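Notes follow the structure.
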Amino acid sequence: MNESEIRAFWADSGVYRADPSPDRDQNFVIDTPPPTASGALHIGHVLSFTHTDLVARFRRMRGKRVWYPMGWDDNGLPTERRVQNVYGVRPDPSVPYDADLKVEFGRGSRPGEPVLAISRQNFIELCHVVLEEDEQAFKALFQQLALSVDWDVTYATIDDRSRRVSQLSFLRLVRRGEAELRMAPTMWDVDFQTAVAQAEVEDRERDSAYHRIRFAVEGAGDVVVATTRPELLPACIAVIAHPDDGRYQGLFGRRAVTPLFGAPVPILANQAAEPGKGTGIVMVCTFGDATDVERWKELGVEPRTVVGRDGRIQPVPWGQAPWETIREEAARRHHDALAGLSVAAARRRIVELLAAEGAVDGSPEPTRHSVKFFEKGDRPLEYVTSRQWFVRVLPHRDALLRQGRRIRWHPEAMRKRYENWVEGLAYDWPVSRQRPFGVPIPVWYGVDDDGNVDHHRLLLPDDADLPVDPSSDVPSGHRAAQRGRPGGFVGDQDVFDTWATSSLSPRLATGWPDDLELQARLYPTDLRPNAHDIIRTWDFYTILRALLEDGSIPWHDVAISGFVLDPDRKKMSKSKGNVVVPTAPLEQYGPDAVRYWSASARLGLDAAADPSVFKEGKRLVTKVRNAARFVLAFDATSDPSPRPLDLALLARLRAVADRATRSWEEWDHAAGLAAAEQWFWSDFCDNYLELVKERAYGGDGGAIATLRTGLDVVLRLLAPVLPYVTEEVWLARRGEAAGSPSAADSIHRAAWPRPEELPDGGDDGCFDAAVAVLRAIRKTRSAAGAPRRLPVERLVVRGPRRRLELLAGALQEVLDAGNVRSHELVADEQLADLAVTCQLGTPD
């Protein structure tokens, strides 16, 4: 059978079909990572998804009923960007829906093609078209990789059920007070035009400069304030210095006056100021960073917001609260020179204005510091005051740490990454996003009689009506004509952060809340597998949602895979041109070889996409097929009486099976593979096959039975890693006369090897003695450049009597394998081990 025939057999016979037991302990449930269904899979997906499948196959062979679904994460920014790039479109809420819209796939890649503005609904429809194509491509690749997923149990984070579950869970949080609408400073991406959460932010090193700006101090001369963001000067609400900084002791309690804008601001003592950075006294602005947000909260004043959602300086009403100034005309004039400029342009312009006013002290001092970016963004984040839905996180930090300790992390060190993240949390989770494609936030707001939206008057849907889209659906008790009208309603236009739905994957995959009986069989799930870069997102948010829903842990074990590096152990990136796409190694080496590469990488460690490892995997596949062909050429006999060498081999295999099983149980698939592979190559192929070949050809029942038993056991030990070739050989054992195989005939439904299948205590040294002599013969031939079967005219083996007695149990096999014409065993207790002398003969 070839690979496609084997896949067809798996699918048609239902080898991997889920059939959960009423007894929860009999089931093994995997919370499969839903990959982002846009673009293309990369070799990192292959690594981590294979790691998941290794566990699934092992647990299935250990007798567990494996629940292994597949989800697709398709409501995030990557989907929107892909649609925009492929079709050359952008969503525009002001454009009406066009039921007959036709946009050519690939339009966006044509040079000079203008970007087409389309309605939000048309844009969403194009998203679904792209997702359907990408998901089919992903599924085909995963099936080629032999993931033992039950493809009848799938979900997508944008499908009706996922939207319902996501909205239902959110509404439960709203009713419990764990989710609330706030007008608050939020990290904002000016290009994507959306709020982002702390978990989506990364620090990037950027060159900058300290600008020293001279502030007047009421009644006390002036003070020089250092800042890397002079464009935020009009947003300054205070200046702070460390309480122990002697330079500023006489200034605390006074007011400084901002240059250009004449705004009096307090000079405060605050531990957040660093005496060794800049001049030691800094601006507090609304808002430059998280420290500004904290100081603003302490001051309890109304913010002065100058950076708009588009990343440009916005006009402000100087002279009106909170824009108090002692130089109103100058403030307006200077602000007019900045309004409409981007942050970068405003920074350059305000430095020019300050210099013209004589408010710059010295030259800028170059520096390099960390700047916060949205992980998918190209420009630094801004802190923008906006109305967002938040899920409360900060009050639950201690509980989140306790939950993390109830879960087993593999490797254990990965738990510390989770704890470090929880301990470093500074914000609650903003779950609303300003995007067109996603799960809608299921809330309407009342409109008062004057036509003002009352965001405190929430209109929530009944659970039975979910899912809803407030932009098109109408709340209970209202008519469509009341939308946006006095006394009516408006719908929330935002969608959920993609993690707000993905964090519910353990519930999406186990039937909640529609089939609570099924969920009782499957939840909490057993395994959450993912790479270490999403511990702070997917793992953290899932633990949070489980805690807030019912206090549960979502899974018992977390298995963390590493990243994939290029063969030079450098991080892959498209810009470097060193990305390995999975189709290339799959086609060149085959799926089993690619899986071998994945299985050779331990959890938590980065792996290089090394062609030499792919080649090792392909060589192993070929060797399994060839060894099986040799073994299965011999018919089983009715007299399987074993000889000492046979018992020794099987005893060694028993120890290997025990060692491999312990490794797999300890989440070390690489060690489990290495144990089985080493026995197969060395003991079985290199030595035992050669030693018993003559016996097998002669119909010796002991040799043939041992060959078959050894093959049977090692196939099962290798099956999780090499599903194709092991299935091919396993089914070939049945013979064509057995008819078409069923699911029960699959090796992947066979039992994992148990110790009682193999003899114990038979490895008394007979095997090692035989191999030592055989290797000495091979070495002699190799040194002489002689053919492999050149006769040995005289073989003399010296050694301790006990070792010679052990050798005697396999002496005939050694003589046959070595083509020895005469031999002599000489006892010599002075020797610690066997000493072999070979006199080569001449060809027959």
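Table for the structure above
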| quantity | calculated |
| --- | --- |
| Meets criteria (over 23 Å from residue 390 (Cβ atoms), within 30 Å of the chain's Cα centre (by Cα) and crowded, with 20+ Cβ neighbours inside 10 Å) for residue 498 | no |
| Residue in segment 664-681 that is farther than 17 Å from residue 626 by Cβ, open to solvent by less than 40 Å² (accessible area, probe 1.4 Å), of a type outside the set (Lys, Arg) and in contact with a strand residue (DSSP E or B) (Cβ under 6 Å, 6 or more places away or on another chain) present | yes |
| Per-region count, segment 214-268, residues among the polar types (S, T, N, Q) and in contact with a Leu (Cβ under 9 Å, 6 or more places away or on another chain) | 2 |
| Candidates 784, 776 - the one that is more than 23 Å from residue 700 (Cβ to Cβ), open to solvent by 50 Å² or more (accessible area, probe 1.4 Å) and among the aliphatic types (A, V, I, L, M) | 784 |
| Tally, over segment 634-654, of residues that are closer than 15 Å to residue 688 by Cβ and open to solvent by 50 Å² or more (accessible area, probe 1.4 Å) | 5 |
| In segment 386-412, the residues that are part of a loop (DSSP other than H, G, I, E, B) and of a type in the set (Asp, Glu) | 412 |
| Hits in segment 605-633 - residues which are assigned to a loop (DSSP other than H, G, I, E, B) and open to solvent by less than 20 Å² (accessible area, probe 1.4 Å) | 609 |
| Residue that is nearest to residue 715 (Cα to Cα) [pool: residues in segment 568-590 that are assigned to a loop (DSSP other than H, G, I, E, B) and at pLDDT 75 or above] | 590 |
| Meets criteria (closer than 19 Å to residue 147 by Cα, free of Cβ contacts under 8 Å to residues at least 40 places away in the same chain, touching a helix residue (DSSP H, G or I) at 6+ places or on another chain (Cβ under 9 Å) and not in a strand (DSSP E or B)) for residue 593 | yes |
| Candidates 522, 527, 518, filtered to the one that is closer than 30 Å to residue 405 by Cα, buried (at least 19 other Cβ atoms within 10 Å of the Cβ) and in contact with a Ser or Thr (Cβ under 7 Å, 6 or more places away or on another chain) | 522 |
| Residue within segment 298-308 that is among the small types (Gly, Ala, Ser) and over 23 Å from residue 382 (Cβ atoms) present | no |
| Residue that is farthest from residue 592 (Cα to Cα) [pool: residues in segment 155-176 that are among the polar types (S, T, N, Q) and in contact with a Lys or Arg (Cβ under 9 Å, 6 or more places away or on another chain)] | 169 |
| Enumeration of residues in segment 724-767 that are open to solvent by 10 Å² or more (accessible area, probe 1.4 Å), in contact (Cβ under 8 Å) with a residue 60 or more places away in the chain and of a type in the set (S, T, N, Q) | 742 |
| Within segment 413-430, tally of residues that are among the charged types (D, E, K, R) and either in a strand (DSSP E or B) or farther than 26 Å from residue 602 by Cβ (or both) | 2 |
| Qualifying residue in segment 43-62 (condition: modelled with pLDDT under 95 and at positive phi) | no |
| Residue among 66, 55, 95, 86 that is β-branched (Val, Ile, Thr) and within 20 Å of residue 440 (Cβ to Cβ) | 95 |
| Segment 270-282 - residue that is more than 14 Å from residue 292 (Cα to Cα) and surrounded by 16 or more Cβ atoms within 10 Å (Cβ to Cβ) and, of those, nearest to the chain's Cα centre (by Cα) | 278 |
| Pick from segment 408-437, criterion over 30 Å from residue 295 (Cα atoms) and open to solvent by less than 10 Å² (accessible area, probe 1.4 Å), ranking: modelled with the highest pLDDT | 409 |
| Enumeration of residues in segment 710-742 that are modelled with pLDDT under 95, assigned to a helix (DSSP H, G or I) and closer than 28 Å to residue 670 by Cα | 732 |
| Checking residue 110 against (1) touching a residue at least 40 places away in the same chain (Cβ under 8 Å); (2) of a type in the set (Lys, Arg); (3) open to solvent by 60 Å² or more (accessible area, probe 1.4 Å), the condition it does not meet | (1) |
| Any hit, segment 500-513, residues being over 30 Å from residue 447 (Cβ atoms), of a type in the set (A, V, I, L, M) and part of a loop (DSSP other than H, G, I, E, B) | yes |
| Criterion: at pLDDT 95 or above, out of contact with any Cys (no Cβ under 7 Å at 6 or more places or on another chain), surrounded by fewer than 15 Cβ atoms within 10 Å (Cβ to Cβ) and not in a loop (DSSP other than H, G, I, E, B) - qualifying residue of 771, 796, 814 | 796 |
| Flag for residue 453 being of a type outside the set (Asp, Glu), open to solvent by 40 Å² or more (accessible area, probe 1.4 Å) and touching a helix residue (DSSP H, G or I) at 6+ places or on another chain (Cβ under 6 Å) | no |
| Inter-residue pairs, beta-carbon under 6 Å, first assigned to a loop (DSSP other than H, G, I, E, B) and in segment 310-334, second open to solvent by 100 Å² or more (accessible area, probe 1.4 Å) and acidic (Asp, Glu), 6+ apart | 322/302 |
| Segment 456-471 residues that are farther than 17 Å from residue 387 by Cα and open to solvent by less than 30 Å² (accessible area, probe 1.4 Å), paired with ones that are at pLDDT 95 or above and in a helix (DSSP H, G or I) (beta carbon under 6 Å, 6 or more apart) | 466/164; 466/167; 466/168 |
| Hey, residue 727 acidic (Asp, Glu), more than 16 Å from residue 754 (Cα to Cα) and in contact with a helix residue (DSSP H, G or I) (Cβ under 6 Å, 6 or more places away or on another chain) or not | yes |
| First in segment 340-357 and assigned to a helix (DSSP H, G or I), second anywhere and at pLDDT below 95 and among the acidic types (Asp, Glu), Cβ under 8 Å, 6 or more apart | 343/382 |
| Strands (runs of 3 or more DSSP E) completely within segment 150-254 that count 3 or more residues being farther than 30 Å from residue 468 by Cβ and open to solvent by 20 Å² or more (accessible area, probe 1.4 Å) | 201-217 |
| Single residue of 562, 604 found to be under 19 Å from the mean Cα position of the chain (by Cα) and on the phi > 0 side of the Ramachandran plot | 604 |
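The values are calculated or read from the model by the stated rules, or taken from the named source; none is laboratory data. Treat the numbers as computed from the prediction; the structure is a model and nothing was measured. Heads up, the Cβs are rebuilt from the backbone with ideal geometry, glycines too, and the neighbour counts pull from every protein chain shown. In case anyone asks, the SASA skips ligands and DNA or RNA and just uses the protein heavy atoms, side chains included. Shrake-Rupley method; radii C 1.70, N 1.55, O 1.52, S 1.80 Å.
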